[in-house]
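K.L.:
Shown below is the structure under consideration.
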Amino acid sequence: MGRREIDCGERAERLALSFLQTKGYRLLDKNWRYSHLELDLIMIEPLFPEPIIHIVEVRSLNYPFVRKPFMTVDIKKQQKIVKATCKYLQKKKIKYEVKFDIVSIVFYDNNNSIEFIENAFFPLW
């Protein structure tokens, strides 16, 4: 991966984090790794009676593109995210409900658009 892609990914994660925080979500972990797997953002939505954990995959592309960034989260990527999530929950001893979301960001010249897909996919246990 080139420096430009890394910069774009880091920028996208900062934008996604800021976007989610304005919605009331709090950051638990960022870029959490288990072996070769990684979770971009692990957020908590403080709800009553119990909070909800949001595992957020951040995807971004520069305009023009063939397909939207969220469309790059295929079944294989979903399985990796679910596997990493199971390890995360086990290691942190978390027993709250979990949702899998995607923040999809498109970068234009000096602008961007953010699309938040809640419950983007469900684990196939």
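K.L.:
Considering only segment 43-71, state which residues are open to solvent by 40 Å² or more (accessible area, probe 1.4 Å) and either polar (S, T, N, Q) or in a loop (DSSP other than H, G, I, E, B) (or both).
P.N.:
Result: Pro46, Leu47, Phe48, Pro49, Glu50, Asn62, Tyr63, Pro64, Phe65, Val66, Arg67, Lys68.
K.L.:
What's the number of the only condition in (1) of a type in the set (Lys, Arg); (2) modelled with pLDDT under 95; (3) over 28 Å from Asp7 (Cβ atoms) that Arg67 fails to meet?
P.N.:
(3)
K.L.:
Can you tell me which of Lys87, Lys77, Lys99 is open to solvent by 60 Å² or more (accessible area, probe 1.4 Å) and within 24 Å of Ile52 (Cα to Cα)? Don't jump to the end; show me each part of the working.
P.N.:
Details: Lys77 fails: open to solvent by 60 Å² or more (accessible area, probe 1.4 Å); Lys99 fails: open to solvent by 60 Å² or more (accessible area, probe 1.4 Å).
Just a single option satisfies the conditions, and that option is Lys87.
K.L.:
Still on this structure, I have one more. So, in segment 72-119, exactly how many residues are in a strand (DSSP E or B) and not aromatic (Phe, Trp, Tyr)?
P.N.:
Counting residues in segment 72-119 that are in a strand (DSSP E or B) and not aromatic (Phe, Trp, Tyr) gives 16.
K.L.:
Separate question: Run down Phe65, Phe122 and say which single residue is aromatic (Phe, Trp, Tyr) and touching a residue at least 24 places away in the same chain (Cβ under 8 Å).
P.N.:
Values: Phe122 fails: touching a residue at least 24 places away in the same chain (Cβ under 8 Å).
Within the list Phe65, Phe122, the selection yields Phe65.
K.L.:
Separate question: So Ala16 ticks every box in (1) at pLDDT 95 or above; (2) open to solvent by 60 Å² or more (accessible area, probe 1.4 Å); (3) of a type outside the set (Val, Ile, Thr) but one. Which box is left unticked?
P.N.:
Tallying (1) at pLDDT 95 or above; (2) open to solvent by 60 Å² or more (accessible area, probe 1.4 Å); (3) of a type outside the set (Val, Ile, Thr), Ala16 fails exactly one: (2).
The values are calculated or read from the model by the stated rules, or taken from the named source; none is laboratory data. Just so it is clear, the structure is predicted and the values come from calculations on it, not from any experiment. FYI the Cβ positions are ideal-geometry reconstructions off the backbone, even for glycines, and counts take in every protein chain you see. The accessibility values were calculated without ligands, DNA or RNA, using every heavy atom of the protein model including side chains. Shrake-Rupley method; radii C 1.70, N 1.55, O 1.52, S 1.80 Å.
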